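> Following this message is one structure expressed as structure tokens.
Every number in this text was worked out from the coordinates using simple rules, so none of it is lab data. Because the structure is a prediction, the values reported are computed rather than measured. Virtual Cβ from ideal backbone geometry, glycine too; neighbours counted across all protein chains shown.
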Amino acid sequence: MSYKDIVVYLDASDLNEPRVETAIKIAKQHKAKLIGVDISTGEAFEGERREQALAIQDTFENMVRIAGVEAECRVAGTSATTAQQLFSHCADFIVASQPHSDNAHLAAAAVPKDVLLTSGVPMLILPTGWNAKEPIGRSILLAWNFSRESTRALHDAMPLLIKAESVALFVFDASFDPRRSDVLDVVAHLQRHGIKATVDGWRDTGKIDAISALFASLDRDDADLIVAGAYGHSPLLESVFGGASEQLLNNISMPVVMSH
């Protein structure tokens, strides 16, 4: 099980090259074709980033040629607003970055939130300070709450989970018990895919929110990637574990794979 077509969004920001480097790394792991999609706005060609915007395709093609990855580059157009116009529907996986106030005007506003919620394709969202040399997907924390969204995220991320060295199943629930039969059923399902998952979790007593508990677990599990379901309605993600998935989406330190 692997991804065959991976889309990476391209823009004129400083986040572009680390994003492409990471997408190349994932494409090589899965022997996938990498499709670079230029999502520059009209503003990108009018200001101080004009030269970078004009060089986007050359930069991408140089990087994939050096890496030896099968690839092509497409241009979404400066007025692209939908998942279809942003070439997301024929992808198995999308690589994007958190929006940043300094460069949000350079790229299509539909990325990442609207595309995540309307494309039906799992998306890796990299933090704005991401260093592509950092490991990613070696140790994964899988956020789980028995919902449709977390189930979808689990199955969409299966190619990543299979390749991970360690997977921790994180449950945030008022009656959390790692020995509960429904929790063990998830562990057994993962094991049948060759994934040995440990169970981590937090009993919800109302004293701490789900995101704080999740990041406390990250410290314990030394994870380098979160996998979680995305809830809500475009353009704003409303909840993960029933609340605060925009907080998760905008975390400043950790890559997140989200699926809706």
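> Which three numbers, in whole Å and largest first, are the semi-axes of the equivalent ellipsoid of region 123-181 derived from its Cα gyration tensor as √(5λ)? Walk me through the numbers on the way to the answer.
On the way: eigenvalues 119, 33, 31 Å².
Taking √(5λ) for each Cα gyration eigenvalue gives 24, 13, 12 Å.
> Using +1 on the beta carbon of Lys and Arg, -1 on that of Asp and Glu, and nothing else charged, what's the dipole of region 43-157 about the Cα centre, debye to 20?
Dipole magnitude for region 43-157 comes out near 360 debye.
> Can you bin region 52-178 into rounded, prolate or oblate? Criterion: square roots of the alpha carbon gyration tensor eigenvalues sorted a ≥ b ≥ c, rounded for a/c under 1.5, prolate for a/b above b/c, oblate for the rest.
prolate
> From the residues Ala104, Ala168, Gln191, which one has its Cα farthest along the dipole of the chain in the positive direction, the dipole being from +1 and -1 charges on Cβ of Lys/Arg and Asp/Glu about the Cα centre?
The one lying farthest along the dipole's positive direction is Gln191.
> Next question. Summing -39500 (n - 2.57) over the DSSP H runs of n ≥ 4 in the chain and dividing by its residue number, what mean residue ellipticity at 222 nm do you reach, to the nearest 500 deg cm²/dmol?
My calculation for the chain gives -9000 deg cm²/dmol from helical runs alone.
> With the convex hull built on the Cα atoms of the chain, state its orientation-averaged projected area in nm².
12.9 nm²
> Determine the alpha carbon to alpha carbon distance for each of Lys4/Lys133; Lys4/Lys163; Lys28/Lys113; Lys113/Lys163; Lys28/Lys163; Lys25/Lys133 and list only those over 21 Å.
Over 21 Å apart, Cα to Cα: Lys4/Lys133; Lys28/Lys113; Lys113/Lys163.
> I would also like to ask the following. Taking the Cα centre of region 1-138 as the origin and placing charges on Cβ (Lys, Arg +1; Asp, Glu -1), which of Val7, Cys90, Ala32 is farthest toward the positive end of the dipole?
Ala32
> Just how large is the dipole of the chain about the Cα centre, in debye to the nearest 20, putting +1 at every Lys and Arg Cβ and -1 at every Asp and Glu Cβ? Please list the in-between numbers first.
Details: 23 positive and 34 negative charges, 176 e Å.
Roughly 840 debye, rounded to the nearest 20.
> So how do Tyr3, Tyr9 line up by other beta-carbon neighbours within 10 Å, fewest first? List each step's numbers first, then the result.
Numbers: Tyr3 19, Tyr9 29.
So the residues, fewest neighbours to most, are Tyr3, Tyr9.
> Taking all pairs of distinct Cα atoms, average 1/r, flip it, and tell me the Kirkwood hydrodynamic radius of region 5-126 in Å to one decimal place.
Roughly 14.0 Å, rounded to one decimal.
> Cut-off is 10 Å between beta-carbons; in what order do Thr78, Thr41 appear when sorted fewest neighbours first?
Thr78, Thr41
> Only counting other Cβ atoms within 10 Å, I'd like Ser217, Ser139, Ser212, Ser181 sorted with the fewest neighbours first.
Going from sparsest to densest Cβ surroundings: Ser181, Ser212, Ser139, Ser217.
> Can I ask one more? For region 65-152, which trypsin sites (Lys or Arg not before Pro) pass both filters: DSSP loop (anything but H, G, I, E, B) and at most 16 other C-beta atoms within 10 Å?
Here the trypsin sites (Lys or Arg not before Pro) that fit, given the DSSP loop and packing criteria, are Lys133, Arg138.
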